[in-house]
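The values are calculated or read from the model by the stated rules, or taken from the named source; none is laboratory data. Remember, predicted model here, so these are calculated numbers, not experimental data. Cβ atoms come from the backbone with ideal geometry, glycine included; neighbour counts cover every protein chain shown.
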Amino acid sequence: MRKSLVKDAPAVKKSLWQGYARQDFTVDGRECLLVIPKTSAPGNPWIWRTEFFGHEPQGDIMLLGKGFYVAYMDVQNMYGAPVALDHMDKFYAYLTKERTLASKTVLEGFSRGGLFVFNWAARNPGKVAAIYVDAPVCDFKSWPGGKGKGNGSADDWERCKHVYGLTEEQTSAYELNPVDNLGPLAKARIPILSVCGEMDQTVPIKENTLVVKERYEKLGGSFTLIAKPFCDHHPHSLPDPSRIVNFVLCHTAGCE
């Protein structure tokens, strides 16, 4: 363990988050932030929260204590579309080149954040050490489309179609949803952990996580599921995030 050595970002706003140094800045026109551990683990490992920064943060806080950096870029209302992935590519390049963070990140996606996680990993499989998703959207037809048994979201669905540049008819034939595009992840042997409520009415587990699990395992991929009985979409994470954190450590800094 050693003191954090990464350089400050230009035009950075400094504050504290959960007792750790937080830096806010802009990359590619998007608001970003980086939370810095008091002492960085070897190699500057980091976890990338793709949506809802600060919500149920217990896992992120525990990882900060283990020497991880926590990163976030605001690409809200882009639903993992290619335009969002382009922004994310720039953020990754900045963090790894200018801030000297590890070349492989851990991707963390809550709810719709799953679209960003899986889609960016499929585009950049060699840059991902592991994936942790929590009640993740894995098919935009399920959410926000509401084409299955889930509630859906009409406003989000219109925005989603627009940002992907798809008509209603084209969405049904779209072949790059996470459930349909797991090959690159399996080939790169990216381990996946999913924490889900079995009674999720918003992002039904049978239309999302369980589809990914079945298909990923058929491709030879490693998929760990923590299913929470009688739990709806909320709450996310686990009261004690040790199982989540140890999964991350096992695929980066080492098991405890």
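Below is a table of values for the structure above.
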quantity	calculated
Segment 48-73 residues that are closer than 17 Å to Lys90 by Cα and polar (S, T, N, Q), paired with ones that are in a strand (DSSP E or B) and modelled with pLDDT of 95 or more (beta carbon under 7 Å, 6 or more apart)	Thr50/Leu107; Thr50/Glu108; Thr50/Gly109
Some residue of segment 115-123 being of a type in the set (Gly, Ala, Ser), closer than 19 Å to Phe52 by Cβ and assigned to a loop (DSSP other than H, G, I, E, B)	no
Flag for Leu63 being part of a helix (DSSP H, G or I), surrounded by 21 or more Cβ atoms within 10 Å (Cβ to Cβ) and within 19 Å of the chain's Cα centre (by Cα)	yes
Pairs where the first residue, in segment 113-129, is farther than 16 Å from Ser194 by Cβ and the second is assigned to a helix (DSSP H, G or I) and among the polar types (S, T, N, Q), C-beta under 9 Å, 6+ apart	Lys127/Thr96
Close pairs from segment 219-245: first closer than 16 Å to Ile131 by Cα and in contact (Cβ under 8 Å) with a residue 60 or more places away in the chain, partner acidic (Asp, Glu) and surrounded by 14 or more Cβ atoms within 10 Å (Cβ to Cβ), Cβ under 8 Å, at least 6 apart	His236/Glu56; His236/Asp134; Ser237/Glu56; Ser237/Asp134
Residue tally, condition in a loop (DSSP other than H, G, I, E, B), under 14 Å from the mean Cα position of the chain (by Cα) and not hydrophobic (A, V, I, L, M, F, W, C), over segment 32-55	4
